[in-house]
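Worksheet: the structure to be examined is printed underneath.
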Amino acid sequence: SAQEASPLTPSDDWGDFGIQTQWMDTATKPGDDFDRYVSGVWVDSVELPADRTRWGSFLELSELSQQRMHAIMNELLASNPAPGSDAARVAAAYKAYMDVDAINAKGLAPIQPYMERIFAAKSPQDLARLFASPGYASPIGIYVGADAKQSDIYALHSYVSGLGLPDRNYYLKTDERSQKIRSAYLEYLTFLLGKVGYQDAGEAAKAVLSLETRIAEADWDRVAARNDDLTYNKLTRAQYE
């Protein structure tokens, strides 16, 4: 089953306070290493899956949900839903998504209309229109969610986006590991841009990395980004425009 495939064995032992104390390393003083004190036994007893760079309870739940969804979709396909029904449309979309051979046969042809619009952009105004179009990434991310200080209303939130590496520090730190990561990232960008038709993919990759570095320099670090008061800068629509 999906549950048996997980490296972790879910437990119902949540104690009197909703805490799984069986994972605690009580031999460690919490003042010396609180993370080890809380999760030391878990760290020692759980093996990191071979296809993962990290693992934990939330990732376990995500994997379990994906396995369950996979099983649900396979059951839907096996049921042969009536043509034209909602179930049939979902099944058709899923089959197309899973048809790797057909996807590989089409190559990059499906993205050419998007690339043509990108290549045609000649001004900041052209780029702004692309950024606001569905299907295009943007250096400014926008979403609608509950107002952080007035949860009974929704607000339009914006944040710095557009970085290919996980965090601003990947661009700014100068230690050997960070430099190796940036070098590998530059190779990856060169490969991607070459595939989509850039004549000088290497120079284009350097330009992308340079722009992302400038965005990283303007972005806040994780400590500042977690300051709810600092990140709450509410504007009226007139001020925003």
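The values are calculated or read from the model by the stated rules, or taken from the named source; none is laboratory data. None of the values given here were measured: they were computed from a predicted structure. Don't worry about glycine lacking a Cβ; one is built from the backbone with ideal geometry, like all the others, and counts go over all protein chains shown. These accessible areas exclude ligands, DNA and RNA; they are computed on the full protein's heavy atoms, side chains included. Shrake-Rupley method; radii C 1.70, N 1.55, O 1.52, S 1.80 Å.
Please go through segment 31-51 and pick out each residue that is out of contact with any Pro (no Cβ under 7 Å at 6 or more places or on another chain), outside any helix (DSSP H, G or I), closer than 27 Å to Glu63 by Cα and open to solvent by 100 Å² or more (accessible area, probe 1.4 Å).
Matches in segment 31-51: Ala50, Asp51.
What is the residue count in segment 129-154 for residues that are farther than 30 Å from Asp229 by Cβ and open to solvent by less than 80 Å² (accessible area, probe 1.4 Å)?
Of the residues in segment 129-154, 4 are farther than 30 Å from Asp229 by Cβ and open to solvent by less than 80 Å² (accessible area, probe 1.4 Å).
Kindly establish whether Ala155 is at pLDDT below 90 and at negative phi.
Spelling it out, it is not the case that Ala155 is at pLDDT below 90 and at negative phi.
At least 3 residues that are within 27 Å of Glu217 (Cβ to Cβ) in each: list the helices (runs of 4 or more DSSP H) lying fully within segment 100-150 that qualify.
Output list reads 124-131.
Show the residue pairs meeting these rules: Cβ distance below 6 Å; 6+ apart or different chains; first residue within segment 211-226 and farther than 14 Å from Ile140 by Cβ; second residue assigned to a helix (DSSP H, G or I) and modelled with pLDDT under 90.
none
If Thr28 satisfies every condition in (1) more than 30 Å from Gly194 (Cα to Cα); (2) among the hydroxyl-bearing types (Ser, Thr, Tyr); (3) exposed (fewer than 13 other Cβ atoms within 10 Å of the Cβ) but one, which is the exception?
Failed condition: (3).
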